[in-house]
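Below is one structure, written out as structure tokens; the observations come after it.
The values are calculated or read from the model by the stated rules, or taken from the named source; none is laboratory data. Model, not experiment: these values are computed from the prediction. Cβ: placed from backbone, ideal geometry, glycine included. Neighbour counts: every protein chain shown.
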Amino acid sequence: MSTTPPPHGKWLLPLTTSACSAGFLLFGYDQGVLSGIILSPSFLATMGYPSPLILGTLTALYDLGAVLGALLAALCSDDLGRKKTLLFGAALVGIAGLAMALSQDRIQFGIGRVVVGIGIGLVCSVCPVYQAEISRGKQRGWMVCCQLTTMLVGLAGAYWVNYGFYFAPGQKQWRVPLGLQVVFAGYILGLGAWLEETPRWLLRRFPDSLEKGREVLQRLRGEEEDVEEELGGIVEAIARESKAEGGWRDLVRDDGLKTDKRFYLAVGIQFMQQMTGINIVTYYAPTLYKTGLGMSEEKALLLGGFTQMWYVLASFVTWYTIDRVGRRKLLVSMAFGMGAVLIGEGLATAADSHLGAIMAVVCLFLLEGCFTWGWMACVWIYPPEILPLSIRAKGSALAAAADFIGNWIVVEVTPVGISTMGWTFYLVWAGFNLVNGIVVWLFYPETGGLALEAVDLVFTGQTGGVTGEDSDAWFGRLQWDRVRAADEAVRATRLGDGERQPLLPSSSAVSDETWMSCQDTR
């Protein structure tokens, strides 16, 4: 038996964040790794010189697998738990990544590509939930920003690894880049012995887990901090949700917590992320540079690499703003910002001049900046924050599936749209961003800074006098009343003392009798 002491607050939270971030690094790496590999003569020869249609299918199998993985996460993550689901997904990516690196034909490669996608779907579905359930309310946003920044590091890293090995001899051009997936997956699996399940999952799953939940929470927060208030909030949330079984029907019915509406918000925000049109740049920037500026293929690829490096650097801004500014303000302002940038992109492309081409490149950089400042991390943290504990895993997984489906739609329509519509194609996506901004302003409550259990109170109206009924301006009354209630709750929280929020119980100890009475209501 291992005598290694379990990590405490100083290490347990960073280790778990590191594992979740590595999961998103795998996501980014797998998104980008095939873009350079399909140019390798050795790869094409091994695959039997596939047609463009077959190459496109091999690429799209990843998105299909990711959707299946997200659906699998919805089915199993409540039973397996957050930790085991993450480790299971990482194991699938490692095994299938090795199979892809050793592939001898397109069938073996295609199967590996699907299984890698399944693993990534599992990982991306559970990581935001895992992170949200272990983090303090005032830190959840930037901790998820860590994950999304590492995703961009993985995306940019895949590009530069492909570029470097493009000059390697023979089959090293593609087998080594594919094999690196095993290293990243192995890192997550190696941390598994030190990770813990989330206190919220433990307390909901096992009736006799009060002491275990308290112990894990103390280790996450550090022994010097009083965890009884947070533990009390979790226990109260479980009691409120006692009538909910966490089944599929609970996703689409109102059980007094407006669960159905919260599920629709979670799925909607992740689908709207893809309707920003960001993957026009992510997938097709080198093509746009080559045709717009008349660059050689090598220079277009290099500029595409620098675009991804800018993407990474810009993402650090969100680390500072996401918890200070809030999710709603970033989502709304950056949706309108991307709409304006895409109008500029269309007009610059229509100018058909050298200056216009330069401005088009500038607009692509600005588009990536606006996206990462508003619609990258905010979208991934929002579902686990808005959803009640009873359906958090299922709802977040289905929201991730909606994201992958939207991703597939955008990637499929972009080549046809650019070739048939020209510069007006950008105006379509500008319109989508305008709609996104209006929808978020009307219907999406703020969640930043609130404890996960306090979000329940916003939807039940039990917010200590916070109702959201009053508004100083007529246009404010157009919003859903829960949007106004959430804004007032966030203001009340920020006037409070850090995590000791007026929307949670007072910091009295949770006794065994209190816990057992909570269990009796379930």
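Flag set for residue 118, criterion: within 18 Å of the chain's Cα centre (by Cα) and either surrounded by fewer than 22 Cβ atoms within 10 Å (Cβ to Cβ) or part of a helix (DSSP H, G or I) (or both).
Restricting to the range 154-203, name every residue that is among the hydroxyl-bearing types (Ser, Thr, Tyr), under 30 Å from residue 227 (Cβ atoms) and either buried (at least 21 other Cβ atoms within 10 Å of the Cβ) or touching a strand residue (DSSP E or B) at 6+ places or on another chain (Cβ under 9 Å) (or both). So that I can check it myself, show each step before the final result.
Quick first cut of the range 154-203, residues among the hydroxyl-bearing types (Ser, Thr, Tyr) only: 159, 163, 166, 187, 198.
So of that shortlist, the ones also under 30 Å from residue 227 (Cβ atoms) come out as 187, 198.
Once the filter is applied, which keeps residues that are among the hydroxyl-bearing types (Ser, Thr, Tyr), under 30 Å from residue 227 (Cβ atoms) and either buried (at least 21 other Cβ atoms within 10 Å of the Cβ) or touching a strand residue (DSSP E or B) at 6+ places or on another chain (Cβ under 9 Å) (or both), the range 154-203 yields only 198.
State yes or no: is residue 386 of a type in the set (Val, Ile, Thr) and touching a Ser or Thr at 6+ places or on another chain (Cβ under 7 Å)? Taking the combined requirement at face value, the residue satisfies it.
For residue 34, the requirement of being closer than 28 Å to residue 156 by Cβ and in contact with a helix residue (DSSP H, G or I) (Cβ under 6 Å, 6 or more places away or on another chain) is met. Whenever a residue of the range 34-46 is outside the structural domain of residue 106 (by TED's automatic domain parsing) and crowded, with 17+ Cβ neighbours inside 10 Å, it has no partner that is in a helix (DSSP H, G or I) and of a type outside the set (Val, Ile, Thr) lying with C-beta atoms less than 6 angstrom away and at least six residues away or across chains. Here residue 56 fulfils each of the conditions (1) of a type outside the set (Val, Ile, Thr); (2) over 22 Å from residue 181 (Cβ atoms); (3) at pLDDT below 90 apart from (2). Against the condition of a type outside the set (Asp, Glu) and closer than 27 Å to residue 489 by Cβ, how does residue 124 come out, does it pass? No, not satisfied.
Tell me which residues, restricted to the range 31-59, are among the small types (Gly, Ala, Ser) and within 17 Å of residue 103 (Cβ to Cβ). Within the range 31-59, 36, 40, 42, 45, 48 qualify.
Within the range 312-322, being buried (at least 18 other Cβ atoms within 10 Å of the Cβ) and more than 16 Å from the chain's Cα centre (by Cα) holds for 314, 321. Residue count for the range 87-142, restricted to those that are more than 21 Å from residue 266 (Cβ to Cβ) and in contact with a Ser or Thr (Cβ under 6 Å, 6 or more places away or on another chain): 1.
How many of the residues in the range 347-362 are surrounded by 22 or more Cβ atoms within 10 Å (Cβ to Cβ) and within 30 Å of the chain's Cα centre (by Cα)? Break it down into steps so the answer makes sense when it comes.
Of all residues in the range 347-362, those surrounded by 22 or more Cβ atoms within 10 Å (Cβ to Cβ) come to 348-349, 360.
Filter again for within 30 Å of the chain's Cα centre (by Cα), leaving 360.
Residues flagged as surrounded by 22 or more Cβ atoms within 10 Å (Cβ to Cβ) and within 30 Å of the chain's Cα centre (by Cα) within the range 347-362 amount to 1.
Would you be able to say whether some residue in the range 432-446 is in a loop (DSSP other than H, G, I, E, B) and either in the same structural domain as residue 199 (by TED's automatic domain parsing) or modelled with pLDDT under 90 (or both)? Step through it out loud before you land on a result.
Residues of the range 432-446 in a loop (DSSP other than H, G, I, E, B): 444-446.
Still in the running and either in the same structural domain as residue 199 (by TED's automatic domain parsing) or modelled with pLDDT under 90 (or both): none.
No, the range 432-446 contains no residue that is in a loop (DSSP other than H, G, I, E, B) and either in the same structural domain as residue 199 (by TED's automatic domain parsing) or modelled with pLDDT under 90 (or both).
Listed conditions (1) part of a helix (DSSP H, G or I); (2) touching a Ser or Thr at 6+ places or on another chain (Cβ under 7 Å) are all met by residue 170, apart from (1). What's the number of the only condition in (1) in contact with a helix residue (DSSP H, G or I) (Cβ under 6 Å, 6 or more places away or on another chain); (2) part of a helix (DSSP H, G or I); (3) surrounded by fewer than 24 Cβ atoms within 10 Å (Cβ to Cβ) that residue 111 fails to meet? It fails just one condition, (1). Within the set 186, 170, 190, 157, the sole residue that is out of contact with any Asp or Glu (no Cβ under 9 Å at 6 or more places or on another chain) and on the phi > 0 side of the Ramachandran plot turns out to be 170.
Taken over the range 77-105, residues that are within 23 Å of the chain's Cα centre (by Cα) and buried (at least 17 other Cβ atoms within 10 Å of the Cβ) amount to 18.
Got at least one residue in the range 341-348 being touching a helix residue (DSSP H, G or I) at 6+ places or on another chain (Cβ under 8 Å), within 22 Å of residue 148 (Cβ to Cβ) and of a type outside the set (Val, Ile, Thr)? Checked against the condition, which is being touching a helix residue (DSSP H, G or I) at 6+ places or on another chain (Cβ under 8 Å), within 22 Å of residue 148 (Cβ to Cβ) and of a type outside the set (Val, Ile, Thr), the range 341-348 yields at least one hit. Restricting the first member to the range 416-431 and to residues that are modelled with pLDDT of 90 or more, and the second to residues that are assigned to a loop (DSSP other than H, G, I, E, B), the beta-carbon pairs closer than 8 Å and six or more apart or on different chains are 429/275; 429/276; 429/277. Residue 60 passes every criterion in (1) surrounded by 16 or more Cβ atoms within 10 Å (Cβ to Cβ); (2) assigned to a helix (DSSP H, G or I); (3) small (Gly, Ala, Ser) apart from (1). Residues that are among the hydroxyl-bearing types (Ser, Thr, Tyr) and modelled with pLDDT under 80 within the range 130-181 comprise 159, 163, 166, listed in sequence order.
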